[in-house]
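Let me begin by presenting the structure, written as structure tokens, before commenting on it.
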There are 2 protein chains.
Amino acid sequence: MSLYALIMAGGGGTRLWPLSRIDHPKQFVGLFGRRSLFQLAYDRIASLIPPARVFVVTGARYANLVHAELPDLPRENIIVEPEGRNTAPAVGLGALHIRRCDPEATMAVLTADHVIHKAAVFRDVLAAGAQVAAGGALVTLGVRPNAPNTGFGYIEQGESLGAVGDFEAYRVVRFTEKPDLETAERYVASGRYHWNSGMFVWRVERIMAEFARQQPALYAALRDIDAGLGAPDPRAALERVWRDIDPISIDYAIMEGARQVAVLPVDIGWRDVGSWDAVYAETAATPGENVMNGDGELLAVDTEGCLVHSDRLVAAVGLQNLVIVDTGDALLICPRERAQDVRQVVAQLRAAQRDEYL
Amino acid sequence: MSLYALIMAGGGGTRLWPLSRIDHPKQFVGLFGRRSLFQLAYDRIASLIPPARVFVVTGARYANLVHAELPDLPRENIIVEPEGRNTAPAVGLGALHIRRCDPEATMAVLTADHVIHKAAVFRDVLAAGAQVAAGGALVTLGVRPNAPNTGFGYIEQGESLGAVGDFEAYRVVRFTEKPDLETAERYVASGRYHWNSGMFVWRVERIMAEFARQQPALYAALRDIDAGLGAPDPRAALERVWRDIDPISIDYAIMEGARQVAVLPVDIGWRDVGSWDAVYAETAATPGENVMNGDGELLAVDTEGCLVHSDRLVAAVGLQNLVIVDTGDALLICPRERAQDVRQVVAQLRAAQRDEYL
């Protein structure tokens, strides 16, 4: 059994505007230094999975970015979706490519827009996940929650499926939607609920079987695409068929109704960095510290708790807990506690059709 | 009697960094729109004094700026100081040039870094000042204070010298230094103290006589320069002599010890715009309004009382009373109430010899 990776590198990230743009979304941006989240996602597994077995599924507008950021990745391992159709079709498309390489493959579906602090543990998790998946399970990685976060879906664990290395796998009772705070508190207190990380491990044969069973229309489309991959113009079928595929998430399309679903609760230092406040929390070594990213310079007078991203000189006088993001054409200034409201800025720009800023 | 103007356009303005720079100080910047304070100072008197009788004294590094901003001004009316020597030598140098045009001239010494809202009243003031000056007085324009400002020197009025048009002239009892708050309150309550505007009207012959009497060394230098102005290389004497002139202000060198000093208390909507907070106060039509200057655009969400100067898109979320000044190479962010502390930024840059930002 060989382990493959499918890194999901679609779009998104409006709350990290103006650094994250439609043409250059957050996972391709050096939020924490020179390497982007996408590059870090690749770096993290490099010692476990060789480049030839790493696939990336992304949109047409990002294919060149992916290549530029990962020049070592074989060009044919960049799988380009004609248009975004949510995660289920993307996973199916990736699985097709991996199956063509190795029908016996096990694949890990990985996200590219999270921080994972414990890379070594994470690699152990993937190896353990592959072991569990060998028995036929669809394995989902459940992040042990450290707070009643209402921004994630939760996975409820059932009976133990036994220990695998340092980990223990459980049957999944159910996937839940994002809960309200009270429910989230109950989940966390129970110890049986884990954050849905959107990362999975399974045998490619098993996931294709679930597509066939649960999503016959999508499966038929994938079969047409697969047939086309052998043709003289391998993208023709893809381009033709993709348009008519309905967008649907992998959770909804497959996981919620799948047989033999297991969860591997893990503690890998996983962080969602969906907002500037989260970026600050990730970067500040001590609370109240000022964080300067980019090639610029911060001249701070009586200023604390600020996150600054700029390639210029930024003089901050008497500021507390502000986010200051300075890009070529746009400047954002916002209290850290209002970081979620950056969405409103993007919504207003969209409503005004100011595409040059999106 | 012909009325001439001498516009003082030296350097200065560190509190308006990063827009105001050594090479492009605040009076040459479009703080309030397209026209700079310097251009507005010229525009304001244009209907009273023709360009041929307007002189500008400025530093070598600003001569081209002056010409570019006032293309209608005869080039020979731009008087270039080799180096800054405070106001007394600058006034003396201007007076020399004006005397060469017309020994009977009356000259108004005008600043270029203030706002004067009532331009028509101001022209009437200059005409009245010239009438008072005709009798031999050195006339200083005293701005009637509307607050106990501790940032200005005050002029104490004495006995009335009689009405001149809508105004009344008074003998000056004394010039004071910047007072403490208690003293300033007493000054304002008395009704007999006025802000020293740094603007004057006098006959050129009279001011030269005061230079001769009170500042013999400076007067001798001015005489050498004057003799040189008729030579084949009119700047040679200036360049040679200027270096050894001691810097001294016109108040200290001449006004405090002069004979026949009069003050014309005026209400001309005079405003010092030495800090970003003052610029905001000048520009906001209603309290709490956001002010956008520059060619950029402000996208404000729950934001009020901010002054933004930028040529880009600035998205402000949840901000109150901030100054945001965005220039090509530097960005300043500062609460309006801390606007005085921009000086600290400039001081730090100077200490670090970051001349590129000064």
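The values are calculated or read from the model by the stated rules, or taken from the named source; none is laboratory data. Computed from a prediction, not measured in an experiment: that's the story for all the values here. Please note: Cβ atoms are built from the backbone with ideal geometry, for glycine as well, and neighbour counts cover all protein chains shown.
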ask   = Does any residue of the range B:319-333 turn out to be in contact (Cβ under 8 Å) with a residue 24 or more places away in the chain and surrounded by fewer than 18 Cβ atoms within 10 Å (Cβ to Cβ)?
value = yes
remark   = Of the candidates B:108, B:128, the one satisfying the condition of being in contact with a strand residue (DSSP E or B) (Cβ under 6 Å, 6 or more places away or on another chain) and either in a strand (DSSP E or B) or surrounded by fewer than 16 Cβ atoms within 10 Å (Cβ to Cβ) (or both) is B:108
query = What strands (runs of 3 or more DSSP E) lie completely within the range A:278-358 and have 3 or more residues being facing another protein chain (nearest Cβ under 10 Å) and modelled with pLDDT of 95 or more?
reply = A:297-301, A:313-317, A:322-326, A:330-335
query = Which pairs do you get when a residue that is among the aromatic types (Phe, Trp, Tyr), found in the range A:223-245, comes within reach of a residue that is surrounded by 18 or more Cβ atoms within 10 Å (Cβ to Cβ) and in a loop (DSSP other than H, G, I, E, B), reach meaning Cβ atoms under 8 angstrom, with the pair 6+ apart or on two chains?
reply = A:242/A:85
inquiry  = Going through B:100, B:35 one at a time, which residue ends up being within 18 Å of residue B:119 (Cα to Cα) and charged (D, E, K, R)?
reply    = B:35
request  = Looking only at the range B:104-115, decide whether some residue is modelled with pLDDT of 95 or more, acidic (Asp, Glu) and in the same structural domain as residue B:257 (by TED's automatic domain parsing).
outcome  = yes
key: Filtered residue count, the range B:154-209, keeping only those that are over 20 Å from residue B:7 (Cα atoms) and in contact (Cβ under 8 Å) with a residue 12 or more places away in the chain   = 32
query = residue A:103 versus (1) touching a residue at least 60 places away in the same chain (Cβ under 8 Å); (2) touching a strand residue (DSSP E or B) at 6+ places or on another chain (Cβ under 8 Å): which is the lone unmet condition?
reply = (2)
task = Pick out the one residue from A:343, A:243, A:350, A:338 that is basic (Lys, Arg) and in the same structural domain as residue A:57 (by TED's automatic domain parsing).
result = A:243
query = Is it true that residue A:287 is in contact (Cβ under 8 Å) with a residue 12 or more places away in the chain, surrounded by fewer than 16 Cβ atoms within 10 Å (Cβ to Cβ) and farther than 30 Å from residue A:203 by Cα?
reply = yes
inquiry  = Among the residues of the range B:252-265, what is the count of those that are touching a Gly at 6+ places or on another chain (Cβ under 8 Å) and surrounded by fewer than 19 Cβ atoms within 10 Å (Cβ to Cβ)?
reply    = 1
message = residue A:48 - would you say it is closer than 30 Å to residue A:137 by Cβ and surrounded by 17 or more Cβ atoms within 10 Å (Cβ to Cβ)?
response = yes
key: Conditions (1) in a strand (DSSP E or B); (2) within 19 Å of residue B:207 (Cβ to Cβ): number failed by residue B:93   = (1)
